[in-house]
1. Search the structure for amide H atoms under 5 Å from the amide H of H36, placed 1.01 Å from N in the peptide plane, and list their residues when 5 or more places away or on another chain.
2. Given a 1.4 angstrom probe, I'd like the percentage of the accessible area of the chain that is carbon and sulfur, rounded to a whole number.
3. I need to check one value: relative contact order of the chain, counting alpha carbon pairs closer than 8 Å and at least 6 residues apart, in percent.
4. Between A46 and L32, how many nm apart are label points set 7 Å from Cα along the C-beta direction?
5. For every helix of n ≥ 4 consecutive DSSP H residues, a contribution of -39,500 (n - 2.57) applies; sum these over the chain, divide by its total residues, and give [θ] at 222 nm rounded to the nearest 500 deg cm²/dmol.
6. For region 46-61, take each phi angle, set θ = phi - 60°, evaluate the Karplus expression 6.51 cos²θ - 1.76 cosθ + 1.60, and give the result in whole Hz per residue in order, putting x for glycine and proline.
7. Mind giving me the nanometre distance, one decimal, between the label points for L39 and R12, set 7 Å out from Cα along Cα→Cβ?
8. Counting heavy atoms of the protein chains only and a 1.4 Å probe, report the per residue accessible area for the chain as a whole number of Å².
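The values are calculated or read from the model by the stated rules, or taken from the named source; none is laboratory data. It should be emphasised that the depicted structure is a prediction, and the values quoted were computed from it without experimental measurement. Here the Cβ positions follow ideal geometry from the backbone for every residue, glycine too, while neighbour counts run over all protein chains shown. These accessible areas exclude ligands, DNA and RNA; they are computed on the full protein's heavy atoms, side chains included. Shrake-Rupley method; radii C 1.70, N 1.55, O 1.52, S 1.80 Å.
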Amino acid sequence: MSIGGRSQARQRMLRRAGLIAGVLVLLALVFLIGGHWLLGVIFGIAAVAAIWLFLQARTVR
């Protein structure tokens with residue numbers, strides 16, 4: 001595999017991880033604002049984990 005191929009694959013992985021983290025944060029906020037606090041907390045925990053994984057993946061070189 002060429003270096004360019006690895007770079008593109010890494011970019012796609014980071015983009016997907018960022019998108020997933022963003023969607024989870026948005027869902028958590030919508031549920032919390034809408035009064036569904038239990039679902040908001042559950043999605044909030046998942047969002048924190050997704051953001052942490054995204055930040056960890058960004059630092060890998």
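1. Amide H neighbours of H36, under 5 Å, 5+ apart: none.
2. Answer for the chain: carbon and sulfur cover 73 percent of the accessible area.
3. Relative contact order of the chain: 35 percent.
4. 1.6
5. -31500 deg cm²/dmol
6. 5, 5, 4, 5, 5, 5, 4, 5, 4, 5, 5, 5, 5, 7, 6, 10
7. Using points 7 Å along Cα→Cβ, the separation is 3.2 nm.
8. With all protein chains present, the chain gives 80 Å² per residue.
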